[in-house]
Every structure is written in C-alpha cells, then in structure tokens.
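To start, the structure under review is shown below, and the notes come after it.
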Amino acid sequence: MNYSEVFGKVVSHCKEYGFIFPSGEIYDGLSAVYDYGPAGVQLKRNLSDAWWKAMTQKFDNIVGLDAAILMPPTVWKASGHVDAFNDPLIDNKDSKKRYRADVLVEDYIEKLLEKARKEEEKLIKKGKTPEEAARMPQVKKSVEKAEAARIRLAEVVNAGDMHAFKRLIDDLEIVCPESGTRNWTDVRQFNLMFKTRLGAVADEGADLYLRPETAQGIFVNFLNVQKSSRMKVPFGVAQIGKAFRNEIVARQFIFRMREFEQMEMQYFVRPGTQSEHYRFWKEERMRWHLSLGIPAERLRYKDHDKLAHYADAATDIEFYYPFGWKETEGIHSRTDYDLRRHQEFSGKKQTYFDPETQESYIPYVVETSVGLDRTVLMHLCNAYAEEEAPTAEGGTEVRTVLRFHPAVAPTYVAVLPLVKKDGMAEAAKSIHERLKNRFFSAYDEKDAVGRRYRRQDAKGTPFCVTIDTETLSDGTVTVRERDSMAQERVSTDALESYLAAKSTGV
C-alpha cells in the first residue's frame with residue numbers, strides 16, 4: 001500500500017475502532033475539534049506517561065508542574081503573544097473561504113514534490129536507478145520549482161511583508177482549492193488567541209485569554225519551583241497540558257486542532273552553556289521517538305529558516321506523515337528572553353544566585369516542546385498496515401493491523417476462550433482477572449477465535465492468550481504474537497513473567 005494512501009484509512013479506522021471521533025458529531029461536529037474514544041484515550045495516556053517518565057523519572061534535576069490555563073492577561077503581553085502571535089490570512093472572493101497564506105504556498109510546494117516522487121517511481125519501474133531518476137528533466141523541474149518557492153516563502157515570512165506574500169501567491173498562480181479561481185484578497189495578519197471574559201457580568205469583566213501555549217505557565221513559576229524544590233541550575237520543569245489556538249485553517253485530522261495538548265520541558269541553564277544543552281536535548285528527544293518504534297527513515301531534523309525573536313537556535317523533529325514531512329516536536333534555545341520580559345512587566349526579579357560562580361543572573365532556557373496529539377497521529381500512521389494473512393481454511397485474506405510499540409499499545413494482551421463452553425470461558429476470565437492487575441488486558445469471547453484475532457490486530461493488541469482444552473488438562477495456554485502471528489504454548493504459572501519480558505517498555 002502506498003504510504004500516501006494511508007491517511008484516509010487511518011481516519012476511518014480511528015472512528016471504527018474507538019480511537020478518535022469528531023466532537024459533538026450528532027450535532028454535525030465542530031471543525032477541528034475531536035474526542036478521544038476508549039482506545040484513543042489509552043494510547044494518548046500511554047504516550048504521555050512514557051514522556052513523563054522519560055523526563056521526570058529518568059532525570060533527577062527535572063520536576064513537574066501543572067499550571068492553570070487561565071493566567072493574568074499581562075502574561076501574554078509580556079510574552080509577545082498579544083502583539084505578535086499572528087498568522088497570515090487570505091480570502092478567496094469567489095468561494096468566500098479563508099486560508100493561511102503560508103499553508104497555500106506549502107501545499108503548492110508539496111504538490112510539486114509529490115509530482116516529482118511519482119515521476120521517480122515511474123522511471124524506477126522502467127529500470128532507472130533512483131539516482132538516474134532524480135536527474136531526469138521531468139523530476140528536476142518540479143524539484144527546482146519547489147525549492148525556488150520555498151526560498152521565496154522563507155524570505156517573505158522573514159520580512160513579514162504581507163504585500164510580498166500576495167505577490168508570491170499571484171506569481172505561483174495558486175488557485176483556491178474550492179472555487180479554482182485566483183480572485184484573492186490582500187494578505188493580512190490574524191491573531192490566534194481565544195479571548196474570554198472574567199467576571200459575572202460580561203461587560204464589566206476583565207479580558208482573559210485561553211493560553212496558546214503551556215510554556216509561559218512554567219516561566220512565571222520559575223522561582224516558585226526553584227525555591228520550593230531546592231533546585232540548582234541546570235534544572236528543568238516539565239508540564240503536560242491543554243492549549244488553544246484559533247487556527248485559520250485547522251485540518252489534517254488531529255494534526256492541527258483548535259484545542260490540543262502539549263508536552264513541554266523548559267530547561268534553565270547558565271548563560272553561555274546553552275549550546276551544549278541544546279545539542280544534548282536535540283539528540284535526547286530524537287532517541288525517545290526512536291525508542292518507541294518510530295523508524296529512523298521517517299524522522300529528521302529541520303533547522304528553522306527564520307529564528308524566533310527569542311531564540312538563538314531552533315530545530316524541529318519532523319515525521320514523514322502521509323501528507324509529507326511535518327513538525328512533531330521543536331527544540332529551541334530561548335536565551336533569557338522569557339524570564340527577562342516577565343521581570344520587566346511584573347517588576348519582580350527573576351534572577352538566580354549561583355552558589356558555584358557566586359553571581360546572580362537570569363538563566364537561559366532550552367525548550368523541548370512536543371505536540372501530544374501529533375505524536376498520537378504519528379504512531380497511528382506509522383503503525384497502520386494492511387497485509388495478506390492466512391486463514392483457518394488454508395486460504396489468505398487481507399488483515400488490518402496496528403503495529404504499536406508494546407509500551408504504548410492501548411491494550412497489551414487479550415484473553416480469548418476458544419469456545420464459551422466446557423469451562424474454557426471460566427478459566428479465561430480467571431486468567432484475565434489476574435493479568436489485568438499488571439497489564440492492560442481485554443477479555444473477548446464473541447465470534448470465532450480467528451475473527452477475534454483480526455479484531456485485536458486492528459486495535460493494535462500485541463498479544464492474544466487463547467484458552468483451550470489443553471489449558472484445562474495441562475495448564476498451558478497459546479500466546480499469539482501480533483506482528484508475526486507466531487504462536488507459543490506457555491504455562492499459566494509463567495504467563496505473567498513471559499508477557500512482562502516481552503513488554504520492552506521505556
């Protein structure tokens with residue numbers, strides 16, 4: 001199956017098997033807002049638990065925080081979000097649809113690259129080597145046009161020039177996806193923060209914002225955490241929480257949503273040492289993604305073409321989604337911008353006295369910020385597969401399987417009685433009751449055992465334990481492994497230790 005065909009199937013699969021639903025679907029849903037079903041919420045929880053453990057349990061100098069979503073509005077003035085948290089917006093006059101200008105150009109670039117990839121595939125099928133195919137004129141032309149557009153996009157974004165943005169869209173002859181016309185408005189800036197009111201009477205309340213990121217809650221608590229936890233620089237503060245952005249174009253399922261969850265760690269360091277810490281966390285975060293089964297060929301670093309005003313270094317960890325290379329995590333060296341701004345706006349010193357150097361300073365910050373929802377989507381896209389599998393009758397059929405890493409699979413083991421009679425169901429339930437104290441275990445007795453295997457494959461369950469007549473006579477069960485479909489007889493007394501050894505958790 002072509003990887004670019006996976007996305008639509010993943011979205012359908014998520015609804016059918018209880019991973020993700022459109023929010024309020026019985027009322028026709030709410031654009032770019034989703035609910036996590038029974039399987040999805042456990043996948044999400046397993047991923048966030050793995051991240052939390054990798055941060056706060058693995059490192060002695062990283063502690064946790066859960067800051068409030070609502071904060072004093074001056075926080076967002078100090079952080080720059082009130083004045084500068086904008087996206088370039090453009091409307092098509094014929095369709096009346098609104099788009100992000102940069103996304104339109106990025107889609108244009110991706111279409112050119114996809115065209116080049118398809119041409120390469122055709123040439124390779126005709127006997128060309130990958131290197132020869134890449135040099136052919138029909139491939140080079142699309143790649144060169146994409147690169148030229150990427151360079152111009154970076155230039156207009158860096159300059160913040162909305163007139164140049166409009167000229168770029170006109171020059172590239174980009175059409176509205178719905179109307180097919182190029183009847184565009186000018187490009188203008190649009191602030192992404194949701195505004196709300198504090199107080200019982202709307203017109204007398206104070207303006208507040210739903211936080212567009214979780215990092216500021218860490219920065220305003222820097223001294224509270226440092227003093228209460230008696231932490232010495234360097235140290236980190238980790239947080240998992242909701243953030244909200246009024247995205248102009250929220251799309252691609254849970255990749256870009258208006259309500260989403262972030263896993264962030266802000267690492268406070270001595271000024272002048274930020275480069276070494278930045279390199280460490282860049283490598284450490286890549287190792288984490290690899291440890292959970294994401295293949296190296298679908299991950300890459302992408303340094304920023306333009307650094308944010310607060311950063312002296314920044315890179316993204318990108319995953320090759322079915323719709324192209326996209327950011328899953330960002331690693332940024334933020335200098336002392338955030339603490340210095342909060343010191344300026346609050347009037348409260350944000351300095352740290354270093355007992356080793358005997359000096360006071362505002363620490364620099366190295367940030368790792370990963371989208372939890374994007375990480376869920378990454379694992380779903382990576383895990384999804386369709387393949388030929390043998391049937392009990394000796395034929396073959398197509399099975400759909402989610403090859404999750406055992407550490408994040410929503411259900412780790414399913415217990416299945418071969419039939420519901422002759423005491424097998426009772427024995428299976430007894431084993432399930434024992435296993436669920438240690439693993440996420442499911443019990444399933446409906447339909448033929450082959451159909452139950454397929455159902456568990458589709459949910460991503462790594463192991464199935466089948467109870468049959470031999471179980472009742474000799475105390476052994478059949479353990480079936482999801483990916484290979486290999487089966488092994490295991491004693492019920494050794495079953496827990498056998499499954500634990502297979503977990504390869506992180």
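The values are calculated or read from the model by the stated rules, or taken from the named source; none is laboratory data. Model, not experiment: these values are computed from the prediction. Glycine gets a Cβ as well: all are built from the backbone with ideal geometry, and neighbour counts include every protein chain shown.
Of the strands (runs of 3 or more DSSP E) that lie entirely inside the range 231-326, not one contains 1 or more residues that are among the acidic types (Asp, Glu) and over 27 Å from residue 382 (Cα atoms).
Would you point out which residue out of 438, 403, 434, 399 is closer than 19 Å to residue 468 by Cβ and of a type outside the set (Ser, Thr, Tyr)?
After ruling out the rest, the residue left standing is 434.
The single condition from (1) exposed (fewer than 15 other Cβ atoms within 10 Å of the Cβ); (2) assigned to a helix (DSSP H, G or I) that residue 181 fails is (2). Could you go through the range 257-266 and let me know if any residue there is outside the structural domain of residue 404 (by TED's automatic domain parsing), at pLDDT 95 or above, among the charged types (D, E, K, R) and surrounded by fewer than 17 Cβ atoms within 10 Å (Cβ to Cβ). No, that holds for no residue.
Selection within the range 283-298: residues that are among the charged types (D, E, K, R) and surrounded by fewer than 19 Cβ atoms within 10 Å (Cβ to Cβ). The member of this set that is nearest to the chain's Cα centre (by Cα) is 298.
Scan the range 466-478 and give yes if some residue there is outside the structural domain of residue 373 (by TED's automatic domain parsing) and closer than 23 Å to residue 42 by Cα, otherwise no. The answer is no, given that none of the residues of the range 466-478 is outside the structural domain of residue 373 (by TED's automatic domain parsing) and closer than 23 Å to residue 42 by Cα. Tallying residues that are outside the structural domain of residue 184 (by TED's automatic domain parsing), of a type in the set (Gly, Ala, Ser) and in a helix (DSSP H, G or I) within the range 67-122 yields 3. Picking from residues in the range 436-452 that are under 30 Å from the mean Cα position of the chain (by Cα) and touching a residue at least 40 places away in the same chain (Cβ under 8 Å), the one that is surrounded by the most Cβ atoms within 10 Å (Cβ to Cβ) is 439. Hey, can you tell me all the residues within the range 480-499 that are surrounded by 16 or more Cβ atoms within 10 Å (Cβ to Cβ) and within 31 Å of the chain's Cα centre (by Cα)? Correct list: 480, 482, 499. Within the range 458-474, the residues that satisfy the criterion of being in a loop (DSSP other than H, G, I, E, B) and at negative phi are 461, 462, 468. Number of residues in the range 391-417 that are touching a helix residue (DSSP H, G or I) at 6+ places or on another chain (Cβ under 8 Å), of a type in the set (A, V, I, L, M, F, W, C) and surrounded by fewer than 21 Cβ atoms within 10 Å (Cβ to Cβ) equals 2.
All conditions but one from (1) more than 30 Å from residue 292 (Cα to Cα); (2) in the same structural domain as residue 218 (by TED's automatic domain parsing); (3) outside any helix (DSSP H, G or I) apply to residue 26; the one that does not is (3). Quick one: residue 477 ticks every box in (1) assigned to a helix (DSSP H, G or I); (2) of a type outside the set (D, E, K, R); (3) more than 34 Å from the chain's Cα centre (by Cα) except a single one, so which number is it? Going through the list (1) assigned to a helix (DSSP H, G or I); (2) of a type outside the set (D, E, K, R); (3) more than 34 Å from the chain's Cα centre (by Cα), residue 477 breaks only (1).
Within the range 114-126, if we keep just the residues that are surrounded by 17 or more Cβ atoms within 10 Å (Cβ to Cβ) and hydrophobic (A, V, I, L, M, F, W, C), the residue that is nearest to residue 321 (Cα to Cα) turns out to be 116. Testing residue 166 on (1) more than 15 Å from residue 266 (Cα to Cα); (2) touching a residue at least 40 places away in the same chain (Cβ under 8 Å); (3) part of a loop (DSSP other than H, G, I, E, B), one condition comes back false. Which one is that? Single failed check for residue 166: (3).
So is residue 455 in a helix (DSSP H, G or I) and under 33 Å from the mean Cα position of the chain (by Cα) or not?
yes
Answer yes if at least one residue in the range 323-330 is surrounded by 21 or more Cβ atoms within 10 Å (Cβ to Cβ), acidic (Asp, Glu) and touching a residue at least 40 places away in the same chain (Cβ under 8 Å), and no otherwise. Yes, because at least one residue in the range 323-330 is surrounded by 21 or more Cβ atoms within 10 Å (Cβ to Cβ), acidic (Asp, Glu) and touching a residue at least 40 places away in the same chain (Cβ under 8 Å).
Would you mind stating whether residue 225 is more than 28 Å from residue 102 (Cβ to Cβ), out of contact with any Phe, Trp or Tyr (no Cβ under 8 Å at 6 or more places or on another chain) and not small (Gly, Ala, Ser)? Yes; evaluated as a whole, the condition is true for this residue. Residues that are β-branched (Val, Ile, Thr) and either out of contact with any strand residue (DSSP E or B) (no Cβ under 9 Å at 6 or more places or on another chain) or part of a strand (DSSP E or B) (or both) do occur in the range 416-437, at least one of them. For residue 55, the stated conditions do not hold, so it cannot be described as more than 25 Å from residue 441 (Cα to Cα) and outside any helix (DSSP H, G or I).
Put simply, of 316, 303 the only residue that is within 14 Å of the chain's Cα centre (by Cα), over 30 Å from residue 358 (Cα atoms) and either at pLDDT 95 or above or surrounded by fewer than 17 Cβ atoms within 10 Å (Cβ to Cβ) (or both) is 316.
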